[in-house]
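Beneath this line is the structure, given in structure tokens, with notes to follow.
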Amino acid sequence: MPTRRSFLGAASSLALPALFSPASAADPQSTGDASMTPDLILHRGLITTLDRANPAASAVAIKDGRFLAVGDDRTIMGLAGPGTKVVDLKGKRVLPGLNDNHTHVVRGGLNYNMELRWDGVRSLADAMDMLKRQVAITPPPQWVRVVGGFTEQQFAEKRLPTIDDINAIAPETPVFLLHLYDRALLNGAALRAVGYTKDTPNPPGGEITRDANGNPTGLLIAKPNAGILYSTLAKGP
């Protein structure tokens, strides 16, 4: 199999319709050009080409990390040479390697010790116990931040804590709990720290949810984008 890097290079080639047609690749057997003999053939698979004219294929031929040809099994297998590695996909889907180029290395490094991580915690009860212990060792005016890496679906209880749950643990220490990029929970101390009151208008890119009297509840909704989450987090020390 090609390396992850070479498969990524191949994926970029796959996005060019001119490379999708087997007719666009020279047949090494007819030309005698050994440099056109594929290193690798994948056949009997499910391959999405992104070519509207030929959206699907069952086989590909790859040379030096780039596609020589994409098409049906019979055509592509005809390109094989003595040194070609042939992989029978047995009907499986083929995808290029995927790189996540959206990373937070710098921010994560600078703030790692300022954040409580709930990654992999299996129950809300355990998560809240971690929060309680973090609150106990957090000096003012620092916040306790629970940022990313978790979802309520990982908890046995299948729910997030309520504002009341957080206020009971942290009546005076600001707590900012970021759930993915769709919402944030702020306890009463955090609302006081950021200055959100009944008179605070919704900022662009978000909603401050309110009770029947118009007072902020502590739930921030990222609607239509996460601007309110970033701007609120930035108000912390």
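Scan Glu157, Glu152 and give me the residue that is among the acidic types (Asp, Glu) and in contact with a Lys or Arg (Cβ under 7 Å, 6 or more places away or on another chain). Outline the logic, then answer.
On the way: Glu157 fails: in contact with a Lys or Arg (Cβ under 7 Å, 6 or more places away or on another chain).
Of the residues listed, the single one that is among the acidic types (Asp, Glu) and in contact with a Lys or Arg (Cβ under 7 Å, 6 or more places away or on another chain) is Glu152.
When the residues of region 131-140 are filtered to those that are in a loop (DSSP other than H, G, I, E, B) and not β-branched (Val, Ile, Thr), the one that is surrounded by the most Cβ atoms within 10 Å (Cβ to Cβ) is Pro140. For first residues located in region 206-219 and within 20 Å of Pro161 (Cα to Cα), partners that are among the aromatic types (Phe, Trp, Tyr) and lie 6+ apart or on another chain with Cβ distances below 7 Å form the pairs Ile208/Tyr196; Pro216/Tyr196. Every listed requirement among (1) surrounded by 14 or more Cβ atoms within 10 Å (Cβ to Cβ); (2) modelled with pLDDT under 95; (3) in contact with a strand residue (DSSP E or B) (Cβ under 7 Å, 6 or more places away or on another chain); (4) of a type in the set (Lys, Arg) is met by Arg44 save one, (2).
Here Ile221 passes the criteria (1) under 20 Å from Met114 (Cβ atoms); (2) in contact with an Asp or Glu (Cβ under 6 Å, 6 or more places away or on another chain) except the one numbered (1). When every residue of region 99-106 is checked against the conditions, at least one turns out to be more than 24 Å from Ala234 (Cα to Cα) and assigned to a loop (DSSP other than H, G, I, E, B).
From the list Thr217, Thr197, Thr232, which residue is over 20 Å from Pro139 (Cβ atoms), of a type outside the set (Phe, Trp, Tyr) and surrounded by 18 or more Cβ atoms within 10 Å (Cβ to Cβ)?
Working: Thr217 fails: surrounded by 18 or more Cβ atoms within 10 Å (Cβ to Cβ); Thr197 fails: surrounded by 18 or more Cβ atoms within 10 Å (Cβ to Cβ).
Exactly one residue qualifies, and that residue is Thr232.
Among the residues making up region 54-73, those that are closer than 16 Å to Arg93 by Cα, crowded, with 18+ Cβ neighbours inside 10 Å and touching a residue at least 24 places away in the same chain (Cβ under 8 Å) are Ala57, Val60, Ala61, Val70, Gly71.
Conditions (1) of a type outside the set (D, E, K, R); (2) crowded, with 16+ Cβ neighbours inside 10 Å, marked per residue:
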position: Gln142; (1), (2): yes, no
position: Gln154; (1), (2): yes, yes
position: Leu160; (1), (2): yes, yes
position: Val175; (1), (2): yes, yes
position: Gly188; (1), (2): yes, yes
position: Lys223; (1), (2): no, no
position: Gly227; (1), (2): yes, no
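Given the condition surrounded by 13 or more Cβ atoms within 10 Å (Cβ to Cβ) and closer than 19 Å to Ala222 by Cα, answer yes or no: does some residue in region 116-126 qualify? The answer is no, given that none of the residues of region 116-126 is surrounded by 13 or more Cβ atoms within 10 Å (Cβ to Cβ) and closer than 19 Å to Ala222 by Cα.
State yes or no: is Tyr112 hydroxyl-bearing (Ser, Thr, Tyr), surrounded by fewer than 18 Cβ atoms within 10 Å (Cβ to Cβ), in a helix (DSSP H, G or I) and under 23 Å from the mean Cα position of the chain (by Cα)? Walk me through how you get there before you give the answer.
Values: hydroxyl-bearing (Ser, Thr, Tyr): yes; surrounded by fewer than 18 Cβ atoms within 10 Å (Cβ to Cβ): yes; in a helix (DSSP H, G or I): yes; under 23 Å from the mean Cα position of the chain (by Cα): yes.
In short, yes.
In region 74-87, what count of residues is obtained for those that are surrounded by 13 or more Cβ atoms within 10 Å (Cβ to Cβ) and not in a loop (DSSP other than H, G, I, E, B)? Before you say what the answer is, go through the steps one by one.
Our first condition is that a residue be surrounded by 13 or more Cβ atoms within 10 Å (Cβ to Cβ); within region 74-87, this holds for 75-81, 84-87.
Subset that is not in a loop (DSSP other than H, G, I, E, B): 75-77, 85-87.
Of the residues in region 74-87, 6 are surrounded by 13 or more Cβ atoms within 10 Å (Cβ to Cβ) and not in a loop (DSSP other than H, G, I, E, B).
Condition check: surrounded by 14 or more Cβ atoms within 10 Å (Cβ to Cβ) and of a type in the set (Lys, Arg). Does Arg210 satisfy that? Criteria met by Arg210.
The values are calculated or read from the model by the stated rules, or taken from the named source; none is laboratory data. In this text the structure is predicted, and so the values were computed from the model without any measurement. Counting neighbours? That spans all protein chains shown, and the Cβs are built from the backbone with ideal geometry, glycine included.
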